[in-house]
Amino acid sequence: MTDPDLLTSDLLAAVDAAATPEALEAVRVRALGKQGEVTALLKSLGGMTPDERQVEGPRIHALREAVTVALAARKASLEQAALDARLASETLDLTLPVDLPPTGTIHPVSQVMDELAEIFADLGFAVATGPEIEDDWHNFTALNIPETHPARAMHDTFYFEPQARTAGDEARRMLLRTHTSPVQIRTMLANKPPIRIIAPGRTYRSDSDATHTPMFHQVEGLVIDRGITLGHLKWTLETFLKAYFEREDIVLRLRPSYFPFTEPSAEVDVGYTLIKGKRVIGGSGDDANGGWMEVLGSGMVHPKVIAACGLDPAEWQGFAFGCGIDRLAMLKYGMDDLRAFFDGDVRWLKHYGFSALDVPTLSGGVGA
Ligand code: DAH
């Protein structure tokens, strides 16, 4: 019988000498393979007397253990050496100047956000922002959507695991904001009226198909002042949509609706005309070859919302609106699948993207 100790030093030397993964594999087969030398020793245990086995068993098992450990260590060091060699041969100097002009473009969502900021700046609106990770109070409660309100179920909210919290601290439950409306609350809490802001940004709902993505974009509008009426709302939206679609023949239809944070509430439709089977924004939706398309939710800010922000609703009134930015971009620039917005496909961006130098301006045309 082969002596386990001799075999150990023999095999360990072979492991050390293996200079490639293939050579190492050959040593492994020689030692531990079906016909391997260690395997043969292990098999020989079966034919021994119990006394012999008591002596030889531990020696043979120690042999197998030592060889297995050495094989694994050698394998790791060969792999590390191969990786080092590869890293050394494939270095890339990122500081070298590129020999191609940059090919990136402005994403249509960014472009539309810039257009919105430009149009509303002209009307005296500032751009406000708020966190995408919101708490329950700002996203719902302060907007007159209490705990038991059915609107909460409709929002398909992504909630975070509740943190260890004290009883009654429900308001601090964190979530991904389901709309940009909480920015209304944050703005009213942080600023004295008069207030005129838009708040564009990312919003999240657990919803996904050709017209819904779990992350999407909205823009919120808020005006708080004395003596604000629905007339101001309608004029503002009309002026905005004319500038945005760059057409004078924009016709709006305000349809009575319901949102918890506005009273009265209206959904805003914009008229389109069918041209060669395509819906083109413009013209009255009541024309023979026209129709209406919903673009916005809006209304007069609910007195409870104004009061939740510490303002006196008898003194301050306002209007608000909210609208999907992705949809606004699709309508203006003619994309038909929302999911393409978030695929990051360079060909799509080349086709629909905008030059970084083409900054939207009202005089030059916000649409580039
Ligand atoms: N937050 C609403 C939504 O996500 C949209 C909305 C409707 C916003 C009416 C408003 C508004 O400010 O007045 O569906």
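Between residue 52 and residue 158, the contour length at 0.36 nm per residue exceeds the Cα-Cα span by 31.5 nm.
Quick check for you: with a 1.4 Å probe and neighbouring chains kept, what is the accessible area per residue of region 4-89, in Å²? Mind showing how you got there, number by number?
Working: 5370 Å² over 86 residues.
Roughly 62 Å² per residue, with all protein chains present.
Expressed in nm to one decimal, what extension gain is obtained for the pair residue 174 and residue 84 from 0.36 nm per residue of sequence separation less their Cα-Cα distance? List each step's numbers first, then the result.
Numbers: separation 90, 0.36 × 90 = 32.40 nm, distance 4.50 nm.
Value of the extension gain: 27.9 nm.
Full extension of the chain between residue 279 and residue 42 yields a length gain of 77.3 nm, computed as 0.36 nm times the residue separation minus the alpha carbon distance.
Going through the cross-link list 234/350; 192/332; 242/304; 276/350, which pairs have a Cα-Cα distance over 29 Å in this structure?
Working: 234/350 36 Å; 192/332 35 Å; 242/304 32 Å; 276/350 26 Å.
Those over the limit are 234/350; 192/332; 242/304.
Take each complete run of DSSP H in the chain, measure how far its Cα atoms stretch along the helix's own axis, and keep only those covering 30 Å or more with mean Kyte-Doolittle hydropathy at least -0.5; list them. What comes out of the filter, once short or polar helices are dropped, is 50-89.
Considering only protein heavy atoms and a probe of 1.4 Å, how much of the accessible area of the chain is carbon and sulfur, as a whole percent? Numbers along the way, then the final one.
On the way: 11320 of 20020 Å².
Result for the chain: 57 percent of the exposed heavy-atom area is carbon or sulfur.
Only lysines eight or more places from residue 34 in sequence, or on another chain, were considered; those with a Cα closer than 28 Å are 43, 75.
If you place +1 on the Cβ of every Lys and Arg, -1 on the Cβ of every Asp and Glu, and leave all else neutral, what size is the dipole of region 52-141 about its Cα centre, to the nearest 20 Debye? Display every interim value, and only then the final one.
Values: 6 positive and 16 negative charges, 246 e Å.
That gives region 52-141 a dipole magnitude of about 1180 debye.
Global dimensions of region 108-352 from alpha-carbon coordinates: Rg and Dmax equal 18.4, 62 Å.
The values are calculated or read from the model by the stated rules, or taken from the named source; none is laboratory data. Predicted model, so just to flag it, every value in this text is computed and none were measured. Cβ sites come from the backbone with ideal geometry, for glycine too, and all protein chains shown count toward neighbours. The protein model used for the area step is the full one, side chains on, heavy atoms only, and it has no ligands, DNA or RNA in it. Shrake-Rupley method; radii C 1.70, N 1.55, O 1.52, S 1.80 Å.
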